[in-house]
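Taking it in order: structure first as structure tokens, then the write-up.
The values are calculated or read from the model by the stated rules, or taken from the named source; none is laboratory data. Just so we're clear, the structure is a prediction, and the values are computed from it rather than from any experiment. So basically every Cβ, Gly included, is an ideal-geometry build from the backbone, and we count neighbours across all protein chains shown. These area figures cover heavy atoms from the full protein model, side chains too; ligands, DNA and RNA do not enter into them. Shrake-Rupley method; radii C 1.70, N 1.55, O 1.52, S 1.80 Å.
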Amino acid sequence: MDWAELSAILYPWVKSAHIIFVIFWIAGLFLLPRYYIYHQEAVPGSDEEQRWIERERKLRNIIITPSMILVWVFGILLAYIIGAWSQGWFHLKLLLVLGLSAYHGYMVGYGKSLAAGARPQSGKALRIMNEVPGVVTVIVVILVVVKPF
Ligand code: HEM
């Protein structure tokens with residue numbers, strides 16, 4: 001079997017896996033700053049705060065970070081299968097998903113500051129930041145489906 005045949009068989013499976021982990025990743029990214037908003041209303045050092053720290057840690061370590069890694073693995077594999085590297089829509093998508101991965105990294109770091117007793121942002125700022133994954137999702141889905149350029 002040559003590469004063309006193999007990639008034709010793999011393509012729908014890799015794409016399914018990609019979309020499944022995109023859903024897990026984005027769902028988790030929608031939830032994490034929400035948890036932080038509730039968390040930072042709790043008194044530092046309280047039992048309630050301890051429960052938020054644990055919930056956040058599980059959401060990050062079990063759902064969002066492994067999902068982000070798998071989205072990248074399957075996404076890069078897809079890029080090889082369809083030869084996306086030279087296509088304009090893909091360049092913009094890459095820029096946006098790099099930005100979303102940076103947002104992910106910031107939110108992981110933010111949870112660690114919260115757990116250490118700091119409250120770096122207001123609840124309002126977190127609510128605004130919480131819109132980032134939604135906006136990126138709208139643009140990325142249009143880019144991959146419509147491929148306008
Ligand atoms: C993190 C790095 C990512 C890479 C390298 C990547 C790359 C790719 C590639 C190359 C395809 C194949 C497009 C095609 O078959 O025509 C694809 C499909 C897709 N991607 Fe991503 N992607 C990434 C992240 C995301 C994210 C964050 C989202 C959503 C928010 C997303 C949503 C989708 C969807 C919905 C499809 C299926 C489109 C179709 O039906 O053809 N991807 N991705």
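Summary of values
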{"read-out": "Span-like helix ranges in the chain, DSSP H, alpha carbon extent 30 angstrom or more, Kyte mean at least 0.0", "value": "3-39, 88-115"}
{"read-out": "Convex hull volume per residue in cubic angstrom - Cα atoms of the range 3-146", "value": "96"}
{"read-out": "Lys, Arg +1 and Asp, Glu -1 on Cβ, resulting dipole of the chain about Cα centre, debye, nearest 20", "value": "240"}
{"read-out": "Accessible area of the range 91-149 belonging to carbon and sulfur atoms, whole % at 1.4 Å probe", "value": "74"}
{"read-out": "Close Lys-Lys pairs in the chain, where close means Cα under 22 Å and separation is 8 or more or interchain", "value": "5"}
